[in-house]
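The values are calculated or read from the model by the stated rules, or taken from the named source; none is laboratory data. Keep in mind the model is a prediction, meaning the values are calculated, not measured. Because the Cβ atoms are built from the backbone with ideal geometry, glycine has one as well, and the counts that use them run over all protein chains shown. SASA here: full protein model, heavy atoms, side chains in, ligands and nucleic acids out. Shrake-Rupley method; radii C 1.70, N 1.55, O 1.52, S 1.80 Å.
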Amino acid sequence: MEALPLPCATLHSRKRRNISEMCEADESSRFPLNDLNQDLLERVLSWLPTPSFFRLTSVCKRWKSVADSASFKLACSRVPARHPWFFMVDSHSDHTQQPIVFDSAETNWKKLNHNQDSSASTPVAAASAAGLLCFLRPEGAFIIINPVTGSSRHLDSPFPASQQPIRAIAMTSRGEGFELVTVSGDLPHLKFRRYCSITRGWEEEATLTMTRKADDGDCTPYFLSKCGNVVSTHIQRSPSKKYSSILIDDTLYYLSSSGTVVACNLTSKFVFEYPRLLPVSSEYSIDLVECGGRMFVVLLSEFLETASLRVWRWDETGKSWSQTAAMPPCMSHKLYGKKADINCSGGGDREMLVCVNSGGICRYVMCDLVENTWVELPSCCIDGQNKDFVSAFSFQPRIEALAG
């Protein structure tokens with residue numbers, strides 16, 4: 001992978017010099033790394049950040065050989081968590097170009113060197129802890145990819161062509177593998193299927209039963225009113241977020257076409273529709289995000305000639321939405337009147353990346369949900385031009401992750 005915007009050759013030569021200097025210093029140290037046996041060396045290298053490991057493989061043949069070692073990959077799998085990367089989706093994506101990610105640890109943009117087996121496919125889901133992304137092909141089949149190594153697996157479509165349209169797609173890690181879930185149909189008649197990477201097959205289709213529906217009364221939060229421009233009650237989303245959904249434990253959450261949050265309990269096979277955050281007469285953009293095993297709703301709205309971007313979480317005790325974070329007014333006001341679309345991706349236990357897009361604006365903001373801090377990321381510049389991304393998918397860069 002390549003960090004941007006420095007030229008690849010310049011970057012690599014500079015890092016080789018730095019690494020060589022480090023190695024020379026190690027020679028005079030008390031415990032040089034080269035004196036370690038292979039097992040200990042692999043354990044040490046497994047804890048390095050993924051970009052650092054790839055840089056260090058150019059030090060010598062011995063270190064380079066570690067990358068292909070099965071025992072090294074096993075050591076990597078025992079590292080509990082890595083700083084997430086965000087796979088960026090371009091609205092005018094050219095599948096012949098190298099994919100771009102944002103590295104949250106080094107806070108820079110990188111090009112992935114491996115060719116992705118995803119031509120003419122749309123990214124739709126991620127199993128972050130497993131280090132995998134899911135792409136949907138036009139005919140309905142899926143491709144699972146490790147973006148770091150390029151390994152891939154093709155999955156057949158879970159439904160025939162005549163099946164009702166898919167409403168949600170979610171993926172999560174399960175032990176040493178992953179699980180992919182699709183929900184199809186229309187409320188209240190929903191069905192789902194699961195793919196398990198361990199058994200390498202789809203389970204039988206199951207029916208979900210609606211248990212409760214959102215109250216049609218006024219569920220408006222305190223800072224909103226019913227005034228505003230009347231807009232379509234069907235959300236128009238970018239292709240990569242059309243099936244926006246998250247899978248936590250055994251519950252899949254997704255957005256209905258009218259903007260309500262729907263929860264599908266896959267164990268008990270019931271469906272619950274949450275009360276809406278805004279009345280249908282208000283203009284807004286909405287998305288779901290998972291952080292630290294919890295579901296959050298991110299909402300961009302306009303009120304009293306300003307815009308607000310707030311994060312909400314469902315309070316089961318009070319049976320209502322509770323605000324957990326809010327973008328500072330000095331930042332959110334710049335979004336007023338832009339008719340922007342927001343697409344969010346959770347990263348780790350507390351961070352999320354918000355992509356804000358409209359005809360006249362394209363920004364990326366990292367939010368710490370615990371500290372309620374918001375930092376705008378630098379633009380991604382390639383060949384003197386800024387790249388515009390509409391969404392992102394979070395994944396941990398895991399060398400050992402196998403899609404196939």
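Ignoring everything but the protein chains, give the 1.4 Å probe accessible area of residue 316 in square angstrom, nearest 10.
Counting only protein heavy atoms, residue 316 exposes about 100 Å² to solvent.
If you take the square roots of the eigenvalues of the alpha-carbon gyration tensor of the range 341-384 and sort them as a ≥ b ≥ c, do you get rounded (a/c under 1.5), prolate (a/b over b/c) or oblate?
Prolate, since a/c reaches 1.5 and a/b exceeds b/c.
Please list 43, 294, 398, 363 in order of solvent-accessible area, largest first, computed with a 1.4 Å probe with all protein chains present. Mind dumping the intermediate values first?
Numbers: 43 130, 294 90, 398 15, 363 65 Å².
From most accessible down to least: 43, 294, 363, 398.
Could you sort 260, 199, 207 by accessible area so the largest value comes first, with the probe set to 1.4 Å?
Numbers: 260 5, 199 100, 207 80 Å².
Greatest to least solvent exposure: 199, 207, 260.
Using alpha carbon coordinates only, what is the Rg to Rh ratio of the range 238-317, with Rh defined as the Kirkwood radius?
Working: Rg = 13.3 Å, Rh = 13.6 Å.
Using only Cα positions, Rg/Rh for the range 238-317 is 0.98.
For a quick size check, give me the Cα extents of the range 299-353 along its three principal axes, largest first, whole Å.
35, 26, 18
Through the Karplus equation 6.51 cos²θ - 1.76 cosθ + 1.60, θ set to phi - 60°, convert the phi angles of the range 147-154 into ³J(HN,Hα) values in whole Hz; use x for Gly and Pro.
x, 7, 9, x, 5, 8, 9, 9
Read phi for every residue in the range 304-321 and hand back ³J(HN,Hα) as whole Hz from Karplus 6.51 cos²θ - 1.76 cosθ + 1.60, θ = phi - 60°, with x for Gly and Pro.
Calculated HN-Hα couplings, in order: 6, 6, 8, 10, 9, 10, 10, 10, 10, 9, 6, 9, 5, 5, x, 6, 7, 7 Hz.
What are the ³J(HN,Hα) values, in whole Hz, obtained from phi via the Karplus relation 6.51 cos²θ - 1.76 cosθ + 1.60 with θ = phi - 60°, for each residue of the range 170-184 in sequence order, with x given for Gly and Pro?
9, 9, 8, 7, 9, x, 8, x, 9, 9, 10, 10, 10, 10, 10
For the range 361-404, what is the largest minus smallest coordinate of the Cα atoms on each principal axis, given in angstrom and ordered from greatest to least?
Principal axes ranked by extent give 39, 36, 15 Å for the Cα atoms.
Over the residues of the range 246-404, compute the C-alpha Rg and express it relative to 2.2 N^0.38 Å.
Details: Rg = 16.7 Å, N = 159, 2.2 N^0.38 = 15.1 Å.
Normalised Cα radius of gyration, the range 246-404: 1.10.
Excluding ligands and nucleic acids, what accessible area in Å² is computed for residue 334 using a 1.4 Å probe, to the nearest 10?
100
Once fully extended, how much extra length lies between residue 64 and residue 47, figured as 0.36 nm per residue of separation less the alpha-carbon to alpha-carbon distance? Write down the numbers at each step before the final one.
On the way: separation 17, 0.36 × 17 = 6.12 nm, distance 1.58 nm.
Gain on extension, residue 64 to residue 47, equals 4.5 nm.
Counting only the heavy atoms of the protein chains, how much of residue 122 is accessible to a 1.4 Å probe, in Å² to the nearest 10?
Residue 122 exposes around 40 Å² with every protein chain in place.
Once the Cα atoms of the range 50-110 are picked out, what are the Rg and Dmax in Å?
14.7, 42
Once R0 is set to 22 Å, what does the formula 1/(1 + (r/R0)^6) return for the Cβ-Cβ distance between residue 141 and residue 203, expressed as a FRET efficiency to the nearest 0.05?
Numbers: r = 17 Å, r/R0 = 0.78.
That pair, residue 141 with residue 203, gives E of 0.80.
Counting only protein chains, not ligands or nucleic acids, how are 284, 243, 364, 336 ordered by accessible area (probe 1.4 Å), most first?
Values: 284 60, 243 35, 364 5, 336 85 Å².
Greatest to least solvent exposure: 336, 284, 243, 364.
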